[in-house]
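Data block below; observations after.
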Amino acid sequence: MEGIAVDFFWLQSLFTSFNILFFSFTLVFSTLSLLLFLYGRLLKPCCQCEVCQTYLSSSWSKEFNNLCDWYTHLLRESPTQTIRVHVLRNIITANPKNVEHIVKTNFKNYPKGKPFSAILGDLLGKGIFNVDGEDWKFQRKMASLALGSVSIRNYAFEIVTCEIRDRLVPLLSSLVSQGVQKGAVLDLQDVFRRFSFDTICKFSFGLDPRCLELSLPMSEFATAFDVASRLSAERALSPSALIWKIKRFLNLGTERVLKQAINLVNVLAEDVIKSKRKKGDLSTQKDLLAMFMQTIDDHNYLRDIVVSFLLAGRDTVASGLTSFFWLLANHPHVVSAIREESDKIMGPTSDDELATNEQMRKMQYLQAAIYESMRLFPPVQFDSRFSQTSDVLPDGTYVERGTRVTYHAYAMGRMEHTWGSDCLEFKPERWLKDGVFAPEDPIKYPVFHAGLRVCLGKEMALVEMKTVALSLIRKFEFQVASPDNWPRFTPGLTATLRGGLTVVVKRRN
Ligand code: HEM
């Protein structure tokens, strides 16, 4: 009897503790929800304008496949090429004069800002993408020295050609031989993402994750990195930052998954840094991390730099290549023109050879085709800054202090005003003058950003994209499973096709 009484007492205290815990949790949650409600109601009164109502109800999706297509429609209709989404406290522009003002003329007033650093802070820390001021200046100087040097560029080209010759082409050839006459079906977006992860890891830290070996599972690092960047970007979709901050505080839902993914990225990045230290003499190692490690000792700072470079070079290149192949499937005459040009420069029989850096520079049509593809499908569709003080944009739009100002590269590539009445067509010729590639002002074409924070990896990215595209176009035929379907993108930091890009690959006759 005594034993049962003791057990009962024990059980009773357990229930009481559980009730107290449950009650406290409910109280905290209700208070936070109430605060959130008051914040939403009092500080951000629900705007009744058509744009805000369409945004909040997502009714734009009845007519448009993607949010970026709806914004493009609004920006094309706007006399100033600028719109406001009041509920997001966001001014969105496709007006080149405004872009110049934000990224160049009044650069100081438009830093990345605290809201942006808060959203990406857990993943990027103090990496170049997430900082302003002295931290940014220091990293920019170091990174421009590295990415501008001829030896580093040659090193990057060597990595890319090795990955194509030893992995990409053998992989596709083996899949094609298995598919015999029907060809092989594969997700080209997945292949490009694996390819660019391998190359950026080799380039940035001298490490080979071997993602392109399809027989191996996607590396833990790549998977954790994917989850972390996707969920970090999703934070920006919340109408209020308070929502994800509360979820993070309580370690709930996607915030819990994000925390786990970031922890894994941190562990793996630490491993990379430690093993590099063990390897010894950093001055003989060619990668970026080794270079940074000769000046920086702080472990966390090095980790942040590593992660930023991964973000910079991985998804952007894969995204650019994926859209390019989607466009090529709908424009076979562009494929023929690329083959013709390369035959003239490399000779028609050398299809096993990869173009040299020198030959690549001569391919003006290929360069034009890649630029044209990214005009219509920029890998980074929009980019935002936060105004430090109140301001007026060149088109007369008033910007209140603390407002988010976004330039929309995707919409800018579709403006009749800038590109003419054929702006929605894929025409590489528009970039050629007497057969020679003629670049456009980056302010009108901010695919690689513009002004003081212009992309530092532009040249490297272009060489990588051209080399990959050319090697595949010369060797294989690609048919996109559903070429006419307009691409649908998943929300994220870079444009990613929902469901990938399924293609049938055959060896070229
Ligand atoms: C097609 C490929 C690429 C595209 C479209 C692209 C585009 C961009 C854009 C839009 C920005 C501005 C981001 C912002 O300020 O919010 C940027 C910055 C940057 N990019 Fe790229 N990028 C590409 C490839 C690369 C590669 C391969 C690297 C390096 C290996 C790289 C390194 C950087 C760096 C370091 C910055 C930061 C510059 C700064 O803040 O001062 N990018 N890029």
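FYI, it's all coordinate maths here, none of it is from the lab. Owing to the predicted nature of the structure, the values given are computational and were not obtained by experimental measurement. Every residue, glycine among them, receives a Cβ derived from its backbone with ideal geometry; neighbour counts consider all protein chains shown.
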Against the longest principal axis of the chain, how steep is helix 253-279, in degrees 0 to 90 to the nearest 10, with axes from Cα atoms?
60
Taking K and R as +1 and D and E as -1, what net charge do the other residues with C-beta under 10 Å from the C-beta of residue 245 add up to?
+2
Once you've got the Cα coordinates, tell me which of 114/245; 126/444; 104/362; 344/466; 141/458 are over 20 Å apart.
126/444; 104/362
Can you give the relative contact order of the chain as a percent, counting alpha carbon pairs under 8 Å and 6+ residues apart?
23
Suppose we take every Cα in the chain and form the convex hull; what volume per residue is that in Å³?
204
Size of charge dipole - the chain - debye, nearest 20, with Cβ of Lys, Arg +1 and Asp, Glu -1, no other charges:
620
Any idea what the relative contact order of the stretch 430-504 is, in percent, if you count C-alpha pairs under 8 Å spaced at least 6 apart?
17
Exposure-ranked with fewest Cβ neighbours within 10 Å first, 268, 123 stand as 268, 123
Within a 10 angstrom radius of the beta carbon, how do 277, 474 rank from fewest other beta carbons to most?
277, 474
Restricting to the chain, compute how many DSSP beta bridges are antiparallel as a %, nearest 5.
85
Of 71, 378, 133, which is farthest along the charge dipole of the chain in the positive direction, counting Lys and Arg as +1 and Asp and Glu as -1 at C-beta?
133
Find out how many positive minus negative residues lie around residue 330, taking Lys and Arg as positive, Asp and Glu as negative, among other residues whose Cβ is under 14 Å from that of residue 330.
-2
So what's the Cα pair-distance distribution over the stretch 259-415, bin width 10 Å, in %?
8, 21, 22, 27, 19, 3, 0
Sort 408, 73 so that the residue with the fewest other Cβ atoms within 10 Å of its own Cβ comes first and the one with the most comes last.
73, 408
Restricting to Cα pairs below 8 Å that are 6+ residues apart, what does the relative contact order work out to for the stretch 198-280? Please round to a whole percent.
27
Angle check, please: helix 315-330 long axis (alpha carbons) against the longest principal axis of the chain (alpha carbons), in degrees 0 to 90, nearest 10.
50
Cross-link reach list, lysines versus residue 182, counting only Cα pairs under 18 Å and skipping chain neighbours closer than eight places:
475, 506
Around residue 54, what is the net charge, scoring Lys/Arg as +1 and Asp/Glu as -1 over all other residues with Cβ under 10 Å from its Cβ?
-1
Between the stretch 142-210 and the stretch 242-296, how far is it from one alpha carbon centroid to the other, in angstrom?
23
Note to self, the chain gives a 222 nm [θ] from helices alone (DSSP H runs n ≥ 4, -39500 (n - 2.57) apiece, / all residues, nearest 500) of -17500 deg cm²/dmol
